[in-house]
Every structure is written in structure tokens, then in C-alpha cells.
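Worksheet: the structure to be examined is printed underneath.
Throughout, read-outs are computed from the coordinates displayed, never taken from laboratory work. All values derive from a computational prediction rather than experimental measurement. Ideal geometry is used to build each Cβ from the backbone, glycine not excepted, and the neighbour counts take in all protein chains shown.
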Amino acid sequence: RGSTASKPPLHVCHIAVEMAPIAKVGGLADVVTAIGRAIQDNGHLVEIILPKYQFFNNSVLLGGKEYETHFDWAGTTIRVEKCKVEGLQCFFIEPQNNMFQTDSVYGRNDDAHRFNFFCNAALEFLVRTARQPDILHCHDWSSAEVARAYWEHYHHNGLTKPKVAFTIHNMNYGQAKLGEAVHHSQVATTVSPSYAGEVRGSPVIGNNGHKFTGVRNGIDPEIWDPETDIFVPVKYNADNQEEGKAAARAELRQRAGMTGWDDKPIVGVVSRLTAQKGVHLIKHAAHHTLSRGGQFVLLGSAPDPKIQGEFNGLANQLGGEDTGFFFAFDEPLSHLMYAGCDVILVPSMFEPCGLTQMISMRYGAVPVVRATGGLRDTVFDVDNEKERAAWEVGGSTDWKTDGDMTNGFSFEGTDEGSLNYALDRCLDAFYNDREWFRSLQKRVMLQDWSWNRPANDYEELYYKMIGR
Ligand code: ADP
């Protein structure tokens, strides 16, 4: 990866409607904060422009807000405040027409109108304060308007310097707006290379494939760290994982009320239970794991009552001895799941990036995944993908000399037989060669799925956009 030592530091300005942890709805919020911090840590100037929502007034994280400026625009006054969040300089746009006096990010029927107004006001703020960022980075349909408005209205009116990067975190919402922003941006990205390949032919990308690329998301290695995790009963790292995971599995078994023999492999799922996540395969895996003498634990809940009903039925049918079903969104318990499970299953039908497989690895739970989207880019099958793993994980062209970097089990199809193909090989390894299985757990723990590499990829894209 190229050194940026000789290149000038960049000024990157994100314009977004979500940011973790102050305005978090989904992954978009985490990514804005994580990329922002990683790029700033590389020595660049990063600023983030957000709407000032009413619910910020109650946020303990925003205690140090200060007045920045105000100006009259579009028939109202725009007041701008600033505050550091997670070490990042944020600016909050507050139109005095009360447009953002809302208690949630989304959910009003004028969302599109309000976010368009916000995007234009953010650009106006940049002009009024004579900022000339190198890069404007906008995200999803909600700040797609930045790309269009910048090139149509602002580029010739004082805000001359920026190029526009646009990241699609979710292809399924606001496709007309996504397509518009892809058209107007200089670089468009989505959250993994394989997912980029899968959606390249979609109408959203159209004939803009040449500027479209995938950069995988990462996980925060400080938040997800079995060595310091307060929800892990005995802290551990790759060198002493056997003791740590044994303690976690014992606690998980107790929480789940599982009374079956305690040396069975525990297969876990941590997931929203929606069609995207492969609910039919999750249900099948529960049966199949038990038939193979293992234990099955699930943490998840279904927004759709019909799907939830099916899982309630499954839980009743399978009994409690060797299964645990937690139907909740429970962040602390998710940490114990990753630590206590031997295997984490992610059989998604599609997956733009996916975080669970990367978190699993950090906690020494072996991922069994369907090879789609970001799952394909992060999990490399122990039997079939030694070369691809060596190249993708280690940048090596010869796995025989540079070592085995495979890290899990994967399958291609969407049927039960395909899942069995991967899960059976994983369970066979657990039963037949425990020493090798433990060495695999150790190996996956040592791999780096942080933001280090993705941040360098974004940095490279930014420089390419400004011709450096
Ligand atoms: P998606 O964003 O499509 O739901 P990801 O894999 O990208 O899928 O992210 C899921 C995140 O949500 C992970 O951090 C996972 O640990 C967490 N998660 C999912 N379901 C639950 C749950 N029931 N309780 C706690 N955390 C959950």
C-alpha cells in the first residue's frame, strides 16, 4: 500500500444524517464515525456536518456544544453549532424553521424534503465560512442530494475545490436518489468488493460502473476485544483462548439453561431474523446441529410476527437441553455469544458487508457463512480457498511458503444441502481433530479486521479523486 508521506494532508468533509453514537440508526452511523476517525488518525483534517435534531438536547455526549455561526438562507435563519464527538469536529445545522425538531432521525413523511434542505444548507455553510474541502463525502439516499446540489448550484458559486465521494450502505432504500448521486459523484463506493460486483449491473449504478468500487467495513478492535470485554467472564487472547472460551461457554450454557453434555460444540447465530439473513437456513441449522450432537444458541428477533412465530415454534419443538433461544436485541449478551460459541453461522441470502463474521473471528468463534457479498471477502474456506486467503488476508502469492490464512467454512447455494456441506465439515473438524480446531480458532483471532486497511483504501480513493 502506497505511502502518503509525500502527499499533502486532505480536508475531508462528511455530510450525513447519522453518526455514532449520537444519531445512530444503523451501520451508516458507525461507518461515518469509524472512517472519520481512521482518516483523521492518518493525519488528515476531517469535519462532519449533521442536522441538529431535537433529541440532541438531551444527549450527555453533546454537553460542550458551542455557537459557530448563523446566516439567513432559504427564507429562514440557519444556526450552526459545533462540538467534538469521538474526537471528530462536528457541525450541527439548525434551521430556525424547526425542520429538525424531531425525536428520531427518520420516520416523518417529509424526510426526503427535510434531508434535501439539510444537504443544501450544509453546502451553504461551507460557502459562508469559506471552506474548500478536498472531498465531500456523502452517504446513502439521505445525503445523496449533496452530489447533485454541489455540481449544479455550488461548484460555480464559490465552493470550487471539492470532489464528491458517495457511499452506498444500503441499496434497498431511495434508489432514484442513489442513482442520481452515483451519477454526480467522482467516486461511488459500497461496503465490500464482492457486494460491489454483485450490484454493479443494477439500475442504480447504470453506466457508472467505472467509478464504482467496494471498500469493506471493519470492526472497532477496542469495542470488540475479548481481552478487555466486561461481558466476558475470563478475559482472553489468542494465546490463552482455550481457558477464556471455556469459561464463556459455561456461562452461556448457564444463561441458556442448557443442561446437555458440556463438551458438545456450540453453534451460534446473532442476527436480525429477516429473509436477508437466511431464516430458512437458520431454522434448518438448528435441527441439523442437534442431529449432529451439537448445541444451538440463537440471539435475535424478528420484526415480522410470522417469522417470529416460526422461531417460537422451533424453540418449543427443540426443547431446552441443547438449545438456547434469546429473542431480544441484547448487546451485552451478544458479546457472551461470540465468546462462548465455537462456531458462528451467517447464512445470509445477500450481505453488503456483515459485521458478525468479523466479530466472531476476533473472539475465536469459527465462522460458517454463505459466500455472498462481504462474507465472501472476509471468510475463506479452509478446504477450498487457501490461495485466495493468502492473497486477500496476507497479500501473499504463495500460501505454501507464507502460511495458511484460511479462517472458516463457506458454501454457495441457498438450499439445506449446501449449508450442511459447510457445517458438517466444521463439526467433523471439531469432533475428529480438536487440536487442529483449536489452532484454527487461534488463527482467526490473530487476523486484522479493523479499519486499518479500509481506511487506507478510502485514503487512496480520495487522493485518486483529486489527482494525486
Ligand atoms: P445488519 O446490519 O444487516 O443487521 P451486520 O452483520 O452488518 O448486519 O451487523 C449486525 C450487528 O448487530 C452486529 O454488531 C451484531 O452483533 C448485532 N446484532 C444483531 N442482532 C443482535 C441481537 N439480537 N442482539 C444484539 N446484537 C445484535
Among the GluC sites (Glu not before Pro) in the range 313-418, which ones are in a DSSP loop with at most 16 other Cβ atoms within 10 Å of the Cβ? Mind listing them? 321, 412
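Percent relative contact order of the chain, based on C-alpha pairs within less than 8 angstrom and at least six residues apart?
After rounding, I find 12 percent.
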If a paramagnetic tag sat 7 Å from the Cα of residue 170 along the Cα-Cβ line, which residues of the range 286-306 would have the backbone N under 17 Å from that point? 301-304
Whichever aspartates and glutamates have a C-alpha closer than 18 Å to that of residue 400, once near sequence neighbours (fewer than 8 apart) are set aside: 381, 383, 385, 387, 392
Kindly write out, for the range 218-223 in residue order, the coupling ³J(HN,Hα) from the Karplus curve 6.51 cos²θ - 1.76 cosθ + 1.60 (θ = phi - 60°), rounded to whole Hz, with x marking Gly and Pro. x, 10, 7, x, 8, 5
Just going by the charge dipole of the range 241-445, with Lys and Arg at +1 and Asp and Glu at -1 on Cβ, which of 407, 265, 334 is farthest out on the positive end? 334
If you project the alpha carbons of the chain onto the principal axes, what extent comes out on each, in Å, largest first? 70, 49, 41
Counting alpha carbon pairs within less than 8 Å and at least 6 residues apart, what relative contact order, in whole percent, applies to the range 6-130? 23
Consider just the alpha-carbon atoms of the range 16-138 and return their Rg together with their Dmax, both in angstrom. 13.8, 41
³J(HN,Hα), Karplus 6.51/-1.76/1.60, whole Hz, each residue of the range 459-468, x for Gly, Pro: 4, 4, 4, 4, 5, 4, 5, 9, x, 10
Projected area averaged over orientations for the range 241-445, convex hull of C-alpha atoms, nm²: 10.6
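Please work out whether the range 119-228 counts as rounded, prolate or oblate from its C-alpha gyration tensor, where a ≥ b ≥ c are the square roots of the eigenvalues and a/c under 1.5 means rounded, while otherwise a/b larger than b/c means prolate and anything else oblate? Mind dumping the intermediate values first?
Details: a/c = 2.35, a/b = 1.30, b/c = 1.80.
Verdict is oblate for the range 119-228.
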Over 27 Å between Cα atoms, which of 163/277; 24/65; 65/464; 84/245 qualify? 163/277; 65/464; 84/245
Count the DSSP beta bridges whose two residues both fall in the chain, then state the antiparallel fraction as a percent rounded to the nearest 5. 25
Write out the chymotrypsin sites (Phe, Trp or Tyr not before Pro) in the range 290-392 meeting two conditions: DSSP loop, and at most 14 other Cβ atoms within 10 Å of their Cβ. 329
If you average the sequence gap of Cα pairs under 8 Å that are 6 or more apart and divide by the length of the range 318-392, what percent do you get for the contact order? 25
Output the 0 to 90 degree angle, nearest 10, between the alpha-carbon long axis of helix 111-128 and the longest principal axis computed from the alpha carbons of the chain. 60
